[in-house]
Amino acid sequence: MTVHELAEIVSGRVVGDRETRIERIADLDNADEGEIAYVENEKLLDAAAESKASCLIVRDGFAAKFPDRTVIEVANPKLAFALIGAALHPPLSREPTIHPTAVVAETADIALTAYVGPNVCVGEYTHVGAYTRLEAGVVLGMNVSVGNDCVLHPNVVLYDGVSIGKGVILHAGVCLGADGFGYVRHDLGYQKFPQIGTVVIEDEVEIGAHSCVDRAALGRTRIGRGTKLDNMVHVGHNCDIGERVVIAAQTGISGSVVIEDDAVIGGQVGFGDHTRVQSGAIIGSKAGILPGKIVRPGVWWGIPVQPLDQYKRMNAHLNRLPQMREELKRLEAEIEEIKKKI
Amino acid sequence: MTVHELAEIVSGRVVGDRETRIERIADLDNADEGEIAYVENEKLLDAAAESKASCLIVRDGFAAKFPDRTVIEVANPKLAFALIGAALHPPLSREPTIHPTAVVAETADIALTAYVGPNVCVGEYTHVGAYTRLEAGVVLGMNVSVGNDCVLHPNVVLYDGVSIGKGVILHAGVCLGADGFGYVRHDLGYQKFPQIGTVVIEDEVEIGAHSCVDRAALGRTRIGRGTKLDNMVHVGHNCDIGERVVIAAQTGISGSVVIEDDAVIGGQVGFGDHTRVQSGAIIGSKAGILPGKIVRPGVWWGIPVQPLDQYKRMNAHLNRLPQMREELKRLEAEIEEIKKKI
Amino acid sequence: MTVHELAEIVSGRVVGDRETRIERIADLDNADEGEIAYVENEKLLDAAAESKASCLIVRDGFAAKFPDRTVIEVANPKLAFALIGAALHPPLSREPTIHPTAVVAETADIALTAYVGPNVCVGEYTHVGAYTRLEAGVVLGMNVSVGNDCVLHPNVVLYDGVSIGKGVILHAGVCLGADGFGYVRHDLGYQKFPQIGTVVIEDEVEIGAHSCVDRAALGRTRIGRGTKLDNMVHVGHNCDIGERVVIAAQTGISGSVVIEDDAVIGGQVGFGDHTRVQSGAIIGSKAGILPGKIVRPGVWWGIPVQPLDQYKRMNAHLNRLPQMREELKRLEAEIEEIKKKI
């Protein structure tokens, strides 16, 4: 595509040669002819100057800093780069087909434009939407609903009754709808608590490899529209995760947790059950939230979780502990001294 | 089923209309006609009064609080609800079959009543018990033994020689018998330590999605009868997990750990190797146990793990740190004052 | 094999009957006739004396302690045991074949000596090396390269373009090349940042069950030669893991982390992005490393990570907190006393 065409995608202003052809995106350091890179901030001006990229995406007003080059000016270079990347490197498209090795129930409803790969299994009364790709080894149970334009990577498993919206991406091995972890203790051991609810994944959600979202005991576990989960995230039964929430890798969410829209959660965070994270909360990696806790807007850190500035103050105090002990000893000695004198 | 029939399952006493028909379980708030809910404690009496459930399961002696309704009185309403749920919503039953796409070794021994789903692989000399379900994509190696009445959800993998008992449920992607993590360092790198032992899973165990139990280096890794593991739990080589142990999601157990019967382990806990958890111990989520540690009965918390009350006292002390510093400064000033005076 | 033959493998010195036949390795306690065990240190001399093993591997100079037995003397008994174990228990060898249920693209290049198991999928232009085993359900995308002598256990998934070297072992469910976790926030939600790089795994790497290594956004994510990852390890996009690195289970590594050769990382460790671990660093389990941190050689511990001795000192201070409070109160009282007196 030409620089001009790319600039149109991001409503950018071209300065330089509008007809330069661009093949690929690249980072500043490794970019070469035919590639486009972006300059996120002023610190990178030197690197940008030395970059061999055929076009640079820069912040509005920065074109003047690159007099001899072709640039696209935009408000948000990183976002423009992402959009241009999506245009230059569209996801793999598959010819619509049902692979002869796929095992599709007679009552399943597969869109004509869908791709059903090798060894895929589709259960009774399951719906697969238009232009959706089910890669090799995907297993859909009964009464599953998969929206349009989804990509289910190899070996994804959707248990019976699970429903996912449009434009959802599930990476390899994602498991939706396994039984929640609930038992009732009795004299002889544990009786399984019924897990007959379901999982609902809304539009434009992306879930990383090997993440698991358990079905609700009763009712549903929900992941809201536009939410993104990293690899190996565990979402327990009956959780309600809002829209545009971001959750980094290996975070574990116990049962009945509510995370409101736009929360940002780091990696390896652990949530006790029935916690609520309010919209506007940012939780640092490795934090631990006690059961029932309400996490208000702001930045949170630590085990158990506390506001970041309080956490920092506490750490500062901790670091002064050796000094405090010294002072304590000194005062003790001085008091002894005084006692002798009087 | 009628209320009368359900009451018989849990040895409960019906007050009200014994012939009311019940189709489903539900929670108090969402229950509707034809549904049964339970009232766990007195706090829920108001919710129960407003519930539209056709029948309520209540504690012995509570029927009088619901004069116009049909109730079942039992000693433990939650347990009764779970048992009634199991009766109303039995697990999916599959017609006994070996799916034509399954790849079953000639020497494998599959019970006539077993279900072997699409794309399942069963290795040489492997045994699959009566009424056991192997869902799509399950892979059983050689010399594997699967007991009666088991459910192996899609894409479960059992390496060669692994043995599981009766009534075991393995959720999607569970992996049993992968090599333990053992190497010997030498001048040029790491030599793999032999991992030629096995994994033994006893009766009535349930293991959550994507959990992994590694084979022993020598000997066996064991999960005892009635033990329940949540999603993404890691059990290292040569561990011995007792009976009726509960382990929440994402907990990691290093090699040669012993967990005795009836221990309760939270989520994201980490065990150093050769630790021993005694029967009666309860370990809070995110705790860390140092290698070789013996965890005695009681409630434990923190990194490294300590008794909960000690942990709480420590936290209280920590929270008083700023105040201690203030006091220290004040004392210092007073001493200066005194020194001036004398 | 005879004791003599085994001794040759490890350049050991036989004392006793060179022709004793050995069938299996075993540990000291459980060893029986026809089995060989090793004596790691002097603490085990008693156990060794009572062992029924037909041969013992002992440290140089220790043969005299076992006058009536057949022993092999070596510099490093554990290493010798591992090597002898590998000789006595070679990995399963499979007849070269492409199973009739495998789905192999016409342009794929499969070595004649490779084993392609049931339901394996191999994409266009993908290369599978000599003597490599692809177990049941493995999915290789397009343009994948798998070296010679690799073992890919069931349900391993390699996304398009991933490359792995020689002698690599990937346990069940390993996922290489899923998209890194990168988004750009905009007014309406998150725009996916392009993930068009790749993953390169070098020779002799072993990766535990269900571990995930994400592809680079641009460029490549690398795991260096001889490195060993345990189960459920997460490696983010653009990481560069060196040679002979050891990483225990459930550790999570954010994007763009560099881990230099020979580092040793415990389990459940969490790395912020852009951290660098220098060669010679050892990081204890459950540690947390803040983004951008450089971890120098030495032993590190805690959240956030600090040198082990500093961590221990801090813990000692913490444990003295109650005592400090007592002292503070006592001093306060004494000062009051003094003030009254003067």
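Of all residues in the stretch A:123-141, which are of a type in the set (S, T, N, Q) and within 23 Å of A:P91 (Cα to Cα)?
First pass over the stretch A:123-141, keeping only residues of a type in the set (S, T, N, Q): A:126, A:132.
Within the stretch A:123-141, A:T132 is the sole residue that qualifies.
Among the numbered criteria (1) more than 9 Å from every other protein chain (Cβ to nearest Cβ); (2) assigned to a loop (DSSP other than H, G, I, E, B), which one does A:R244 miss?
Condition not satisfied by A:R244: (1).
Check C:V146 against each of (1) crowded, with 24+ Cβ neighbours inside 10 Å; (2) within 12 Å of another protein chain (Cβ to nearest Cβ) and name the one condition it does not meet.
(2)
If you scan the stretch B:299-332, which residues turn out to be of a type in the set (D, E, K, R), surrounded by 13 or more Cβ atoms within 10 Å (Cβ to Cβ) and under 34 Å from the mean Cα position of the chain (by Cα)?
Initial filter on the stretch B:299-332 (of a type in the set (D, E, K, R)): B:309, B:312-313, B:320, B:325-327, B:329-330, B:332.
So of that shortlist, the ones also surrounded by 13 or more Cβ atoms within 10 Å (Cβ to Cβ) come out as B:312-313, B:320, B:325, B:327, B:332.
Answer for the stretch B:299-332, where residues must be of a type in the set (D, E, K, R), surrounded by 13 or more Cβ atoms within 10 Å (Cβ to Cβ) and under 34 Å from the mean Cα position of the chain (by Cα): B:K312, B:R313.
Of all residues in the stretch C:264-285, which are farther than 21 Å from B:Q250 by Cα and without any contact (Cβ under 8 Å) to a residue 24 or more places away in the chain? Walk me through it before giving the result.
Of the residues in the stretch C:264-285, the ones farther than 21 Å from B:Q250 by Cα are C:264, C:273-282.
Selection gives C:V264, C:H274, C:T275, C:R276, C:V277, C:Q278, C:G280, C:A281, C:I282.
Is it fair to say B:H237 is free of Cβ contacts under 8 Å to residues at least 24 places away in the same chain and farther than 19 Å from A:R185 by Cβ?
Details: free of Cβ contacts under 8 Å to residues at least 24 places away in the same chain: no; farther than 19 Å from A:R185 by Cβ: yes.
It is false that B:H237 is free of Cβ contacts under 8 Å to residues at least 24 places away in the same chain and farther than 19 Å from A:R185 by Cβ.
For the stretch B:241-299, enumerate the residues that are touching a helix residue (DSSP H, G or I) at 6+ places or on another chain (Cβ under 8 Å) and on the phi > 0 side of the Ramachandran plot.
First, the residues of the stretch B:241-299 that are touching a helix residue (DSSP H, G or I) at 6+ places or on another chain (Cβ under 8 Å): B:284, B:298-299.
Residue satisfying the conditions is B:G298 alone.
Can you find, within the stretch A:217-235, the residue that is farthest from C:Q195 (Cα to Cα) among those that are touching a His at 6+ places or on another chain (Cβ under 8 Å) and either polar (S, T, N, Q) or more than 10 Å from every other protein chain (Cβ to nearest Cβ) (or both)?
This residue is A:T221.
Tell me which of these B:L83 doesn't satisfy, since it passes every other one: (1) farther than 15 Å from B:D149 by Cα; (2) more than 9 Å from chain A (Cβ to nearest Cβ).
(2)
Could you pull out the residue among C:V269, C:V233, C:V257, C:V264 that is farther than 23 Å from A:D29 by Cα, hydrophobic (A, V, I, L, M, F, W, C) and either in contact with a Lys or Arg (Cβ under 8 Å, 6 or more places away or on another chain) or at pLDDT below 95 (or both)?
On the way: C:V233 fails: either in contact with a Lys or Arg (Cβ under 8 Å, 6 or more places away or on another chain) or at pLDDT below 95 (or both); C:V257 fails: farther than 23 Å from A:D29 by Cα; C:V264 fails: either in contact with a Lys or Arg (Cβ under 8 Å, 6 or more places away or on another chain) or at pLDDT below 95 (or both).
Exactly one residue qualifies, and that residue is C:V269.
Keeping to the stretch C:22-64, report how many residues are out of contact with any helix residue (DSSP H, G or I) (no Cβ under 8 Å at 6 or more places or on another chain), surrounded by fewer than 22 Cβ atoms within 10 Å (Cβ to Cβ) and not in a helix (DSSP H, G or I).
11
For the stretch C:286-307, state whether one or more residues are part of a loop (DSSP other than H, G, I, E, B), free of Cβ contacts under 8 Å to residues at least 12 places away in the same chain and out of contact with any Cys (no Cβ under 6 Å at 6 or more places or on another chain). Working first, answer last.
The first filter runs over the stretch C:286-307 and keeps only residues part of a loop (DSSP other than H, G, I, E, B), leaving C:286-287, C:290-293, C:296-297, C:302-305.
Those still in the list that are free of Cβ contacts under 8 Å to residues at least 12 places away in the same chain too: none.
Checked against the condition, which is being part of a loop (DSSP other than H, G, I, E, B), free of Cβ contacts under 8 Å to residues at least 12 places away in the same chain and out of contact with any Cys (no Cβ under 6 Å at 6 or more places or on another chain), the stretch C:286-307 yields no hits at all.
Residues to consider are A:P118, A:P67, A:P90; find the one that is part of a loop (DSSP other than H, G, I, E, B), at pLDDT below 95 and within 31 Å of the chain's Cα centre (by Cα). Give the derivation first.
Working: A:P118 fails: at pLDDT below 95; A:P67 fails: within 31 Å of the chain's Cα centre (by Cα).
After applying the criteria, what remains is A:P90.
Within the stretch A:270-285, track down each residue that is within 11 Å of chain B (Cβ to nearest Cβ), part of a strand (DSSP E or B) and not hydrophobic (A, V, I, L, M, F, W, C). Working first, answer last.
Of all residues in the stretch A:270-285, those within 11 Å of chain B (Cβ to nearest Cβ) come to A:270-273.
With part of a strand (DSSP E or B) added as a condition, the list becomes A:270-271.
The one that is within 11 Å of chain B (Cβ to nearest Cβ), part of a strand (DSSP E or B) and not hydrophobic (A, V, I, L, M, F, W, C): A:G270.
Quick one: in the stretch A:154-167, which of the residues that are surrounded by fewer than 24 Cβ atoms within 10 Å (Cβ to Cβ) and free of Cβ contacts under 8 Å to residues at least 40 places away in the same chain is farthest from the other protein chains (Cβ to nearest Cβ)? Spell out the reasoning first.
From the stretch A:154-167, those surrounded by fewer than 24 Cβ atoms within 10 Å (Cβ to Cβ) are A:160-161, A:163, A:165-167; that's our starting set.
Filter again for free of Cβ contacts under 8 Å to residues at least 40 places away in the same chain, leaving A:160, A:163, A:166-167.
Details: A:D160: 7, A:S163: 17, A:K166: 14, A:G167: 11 Å.
My answer is A:S163.
One line per residue, one yes/no per condition, for (1) more than 19 Å from A:Y38 (Cβ to Cβ); (2) charged (D, E, K, R); (3) surrounded by fewer than 21 Cβ atoms within 10 Å (Cβ to Cβ); (4) not assigned by TED's automatic domain parsing to the domain that holds C:I259:
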| residue | (1), (2), (3), (4) |
| --- | --- |
| C:G173 | yes, no, no, no |
| C:V184 | no, no, yes, no |
| C:S211 | yes, no, no, no |
| C:A216 | no, no, no, no |
| C:G219 | no, no, yes, no |
| C:D240 | yes, yes, yes, no |
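Pick from the stretch A:1-17 the residues that are more than 13 Å from A:V58 (Cβ to Cβ) and touching a residue at least 40 places away in the same chain (Cβ under 8 Å): which of them is farthest from the chain's Cα centre (by Cα)? Give the derivation first.
Looking only at the stretch A:1-17, we keep the residues that are more than 13 Å from A:V58 (Cβ to Cβ), and these are A:1-2, A:4-6, A:8-9, A:11, A:17.
Checking the rest, the ones that are also touching a residue at least 40 places away in the same chain (Cβ under 8 Å) come to A:1, A:6, A:9, A:11, A:17.
Working: A:M1: 30, A:L6: 27, A:I9: 25, A:S11: 27, A:D17: 37 Å.
So the residue we want is A:D17.
Just one of the numbered conditions (1) closer than 25 Å to C:N319 by Cα; (2) polar (S, T, N, Q); (3) away from chain A (no Cβ under 14 Å); (4) touching a strand residue (DSSP E or B) at 6+ places or on another chain (Cβ under 7 Å) is not true of B:N238; which one?
(1)
The values are calculated or read from the model by the stated rules, or taken from the named source; none is laboratory data. Model, not experiment: these values are computed from the prediction. In this analysis, Cβ positions are derived from the backbone assuming ideal geometry, glycine residues included, and neighbour counts consider all displayed protein chains.
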